Amino acid sequence: MHRLQGILQARNTIVIKIGTNLLTDRQTGINRDRIAGIARDVAHFQSLGNRVALVSSGAIGAGVAALHLKQRPSTIPEKQATAAIGQPILMEAYEAAFRKQERTVAQILLTKDDFVNRTRYMNARNTLRVLFDRGVVPIVNENDSVAVDEIKLGDNDILSALVANLIEADLLIILSDVDGLYSDDPTHNSKAELIPVVESITPEIEKLAKKSRGELGTGGMITKIQAAKRCTSSGVAMIITGGNNPQALRDVLSGDFKGTLFLPGGTRLNVRKKWIGFVSHARGSVTIDDGAKTALTAQHKSLLPSGIVGISGEFKANDTIAVCDAGGMEIARGVTNYSAADLIRIRGRKSSEIEKILGRPSRDEVIHKDNLVIVTGGS
């Protein structure tokens, strides 16, 4: 845990994600004792000089209890309505708990568009920066009452990783109803072992992330691994630990906790590269040969037209596109200098030939290395 100690010894920006199953119960609603404990620990984190944001699930779960429903709603309109009822109940519980700690909270509701749209992304970042400067604790949730895609496909594990990148966090802590990543499903295999440290997220690690859905929640270990990939690839550490332990956050702060630590990669990306690599929507893709893959992942070079063997989708110059290897795996994402139509004409050709082929002054690179982010397969 030596690398975690290095993170915890400095003043940091920390994101804490709390899952639905830790916060709500279908019969009793909000678990106010747990929220009170979280408020105490966050106030302690702040007293040590850390900036803390919470990503909190629980709006739909709170709504389920308030409406005395027998089960979580299944249709999108029902989920939206239930979230609209539950969100103010959830925030009232947080506000009361933090008020006892003499702390102020702010509600931040986000949708996918707030991340994908570059202007809205920066506006959200600036708002959070002001809140931190004033000692406020932002409590972030997806805007479930209006965001159809987020309810249907989204998950707060992914949201917490997006928020961690948005605010350039040093650490994401996911409080879960499981202690961490195990070698097998511990509910079915008593010999399954907790994996304390993950150096890198390999295909073998991803295979361990079996789906395990809670009754009120939407996530499982798969989304947590996806969140870890977003964090570690951009230089953010991530921890999964059991939130049923009332001392969980204090244990993390001491460096002596039961859970899984995902170590950050060696490269810490700036905000723009984080947006390109892990937030922006890819408008299309290019397939590259093995030589180009080595140049990008091992030598950190720009993508040239000579290494491109295929183009997919309709995109314009300055759009974000995915870069895939010969096996179809996305290995990078970047901002292209050329449209799909132009790339069809210059793929496989030398940079010195581009101007003659297109009939105009042109850039040597399809994607300059400053606009390129490796998302898997080395960095």
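Just to be sure before I move on: is residue 116 in the same structural domain as residue 73 (by TED's automatic domain parsing), modelled with pLDDT of 95 or more and among the β-branched types (Val, Ile, Thr) in the structure I sent? So residue 116 fails the test. When the stretch 73-106 is filtered for residues that are closer than 12 Å to residue 38 by Cα and in a loop (DSSP other than H, G, I, E, B), only 101 remains. Of all residues in the stretch 248-279, those satisfying the criterion of being touching a Gly at 6+ places or on another chain (Cβ under 9 Å), more than 30 Å from residue 120 (Cα to Cα) and surrounded by fewer than 21 Cβ atoms within 10 Å (Cβ to Cβ) are 251, 258. Taken over the stretch 316-338, the residue count meeting the criterion of being surrounded by fewer than 18 Cβ atoms within 10 Å (Cβ to Cβ) and either of a type in the set (A, V, I, L, M, F, W, C) or farther than 19 Å from residue 289 by Cα (or both) is 5.
Has the stretch 177-187 got at least one residue that is surrounded by fewer than 12 Cβ atoms within 10 Å (Cβ to Cβ) and either in contact (Cβ under 8 Å) with a residue 60 or more places away in the chain or in a loop (DSSP other than H, G, I, E, B) (or both)? Looking through the stretch 177-187, at least one residue is surrounded by fewer than 12 Cβ atoms within 10 Å (Cβ to Cβ) and either in contact (Cβ under 8 Å) with a residue 60 or more places away in the chain or in a loop (DSSP other than H, G, I, E, B) (or both). For the stretch 163-204, filtering for residues that are touching a strand residue (DSSP E or B) at 6+ places or on another chain (Cβ under 8 Å) and closer than 26 Å to residue 118 by Cβ leaves 8. Screening the stretch 34-55 for residues that are in a helix (DSSP H, G or I), of a type outside the set (D, E, K, R) and out of contact with any strand residue (DSSP E or B) (no Cβ under 7 Å at 6 or more places or on another chain) and picking the one that is nearest to residue 20 (Cα to Cα) gives 35. Taking the stretch 56-69 as the range and being assigned to a helix (DSSP H, G or I) and either touching a residue at least 60 places away in the same chain (Cβ under 8 Å) or aromatic (Phe, Trp, Tyr) (or both) as the test, the residues that pass are 59, 60, 61, 64. The numbered conditions (1) of a type in the set (Ser, Thr, Tyr); (2) surrounded by 14 or more Cβ atoms within 10 Å (Cβ to Cβ); (3) at pLDDT 85 or above are all true for residue 145 except (3). A Cβ distance below 6 Å, combined with a sequence gap of six or more or placement on separate chains, defines the contacts here; from the stretch 123-145, residues that are aliphatic (A, V, I, L, M) reach residues that are part of a loop (DSSP other than H, G, I, E, B) and surrounded by fewer than 16 Cβ atoms within 10 Å (Cβ to Cβ) in the pairs 136/104. Which residues, taken from the stretch 337-366, are touching a residue at least 40 places away in the same chain (Cβ under 8 Å) and polar (S, T, N, Q)? Hit for the stretch 337-366 is 351, nothing else. Selection over the stretch 153-176 of residues that are hydrophobic (A, V, I, L, M, F, W, C) and not in a helix (DSSP H, G or I) gives a count of 7.
Just one of the listed residues (71, 46, 80) is over 25 Å from residue 162 (Cα atoms), assigned by TED's automatic domain parsing to the domain that holds residue 13 and among the polar types (S, T, N, Q), namely 71.
The set of residues in the stretch 280-292 being surrounded by fewer than 21 Cβ atoms within 10 Å (Cβ to Cβ) and in contact (Cβ under 8 Å) with a residue 60 or more places away in the chain consists of 281 alone.
Can you find even one residue in the stretch 115-126 that is within 20 Å of residue 23 (Cα to Cα), surrounded by 14 or more Cβ atoms within 10 Å (Cβ to Cβ) and either out of contact with any helix residue (DSSP H, G or I) (no Cβ under 9 Å at 6 or more places or on another chain) or hydrophobic (A, V, I, L, M, F, W, C) (or both)? For the stretch 115-126, residues within 20 Å of residue 23 (Cα to Cα), surrounded by 14 or more Cβ atoms within 10 Å (Cβ to Cβ) and either out of contact with any helix residue (DSSP H, G or I) (no Cβ under 9 Å at 6 or more places or on another chain) or hydrophobic (A, V, I, L, M, F, W, C) (or both): absent.
The values are calculated or read from the model by the stated rules, or taken from the named source; none is laboratory data. These numbers come from a predicted model, not from an experiment. For neighbour counting, all protein chains shown are included, and Cβ atoms are generated from backbone atoms with ideal geometry for every residue, glycine included.
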